[in-house]
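Below: the structure, in structure tokens.
The values are calculated or read from the model by the stated rules, or taken from the named source; none is laboratory data. These figures come from a predicted structure and were not determined experimentally. Surface accessibility is based on the protein's heavy atoms, side chains included, excluding ligands, DNA and RNA. Shrake-Rupley method; radii C 1.70, N 1.55, O 1.52, S 1.80 Å.
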Amino acid sequence: LLDFMPPHKFNQILASCNKIILNQHRSQGGASVWSALMRNADLYLVPKNPFYDLLTKRGTTIFKIENNTIDIQKTLSPEQKEENKQILLAHFSDEKVADRYRNLVK
């Protein structure tokens, strides 16, 4: 993707991908990370990306980009994909986020 496009078009393209490769060191693309895992895509991240630690420390299975290299043949099992979804929902669902905000303002 080289040009800006409306979010709905970008999301359509993202939904059609079974491999998502985000080779950036900053925590950009959070919605793309969430979408990839919730749509059962294989996600590849650089370990320096803050999402890598955030997700792997909670037990999600994602693939590591090392030295700008990936093993595109790797794929998650259906069980791993379902587990990734459950982990995201357990930690980052709307309800969990709202609970955290409520606890901040008590």
Next item on the list: Under 24 Å Cα to Cα from Lys9, which lysines show up? Leave out anything in the same chain fewer than 8 places away.
Entry: Lys19, Lys85
Item checked: Residue-averaged [θ]222 nm for the chain, counting only DSSP H segments that reach four residues, each worth -39500 (n - 2.57) -> -14000 deg cm²/dmol
Check: At a probe radius of 1.4 Å, what is the per-residue accessible area of Tyr52, in Å² to the nearest 10?
Finding: 30
Next item on the list: Run down the lysines and flag those whose C-alpha is under 23 Å from the C-alpha of Lys106, throwing out any fewer than 8 positions away in its chain.
Entry: Lys96
Next item on the list: Identify which of the listed values of percent of Cα pairs over 25 Å apart was calculated from the structure shown: [x] 23; [y] 39; [z] 33.
Entry: [x]
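Take Thr60, Thr75 and sort them by solvent-accessible surface of the protein heavy atoms, 1.4 Å probe, largest at the top. Present the calculation step by step, with values, prior to reporting the outcome.
On the way: Thr60 10, Thr75 85 Å².
Order by accessible area, largest first: Thr75, Thr60.
Pulled fully out, how much extra length does the chain show between Leu104 and Lys85, if you take 0.36 nm times their separation in residues and subtract their Cα-Cα distance?
Numbers: separation 19, 0.36 × 19 = 6.84 nm, distance 2.59 nm.
Contour length minus the Cα-Cα distance gives 4.3 nm.
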Note to self: Straight-line reach from Lys48: which aspartates and glutamates fall under 19 Å, measuring Cα to Cα and dropping same-chain residues less than 8 apart?
What the structure shows: Glu66, Asp71
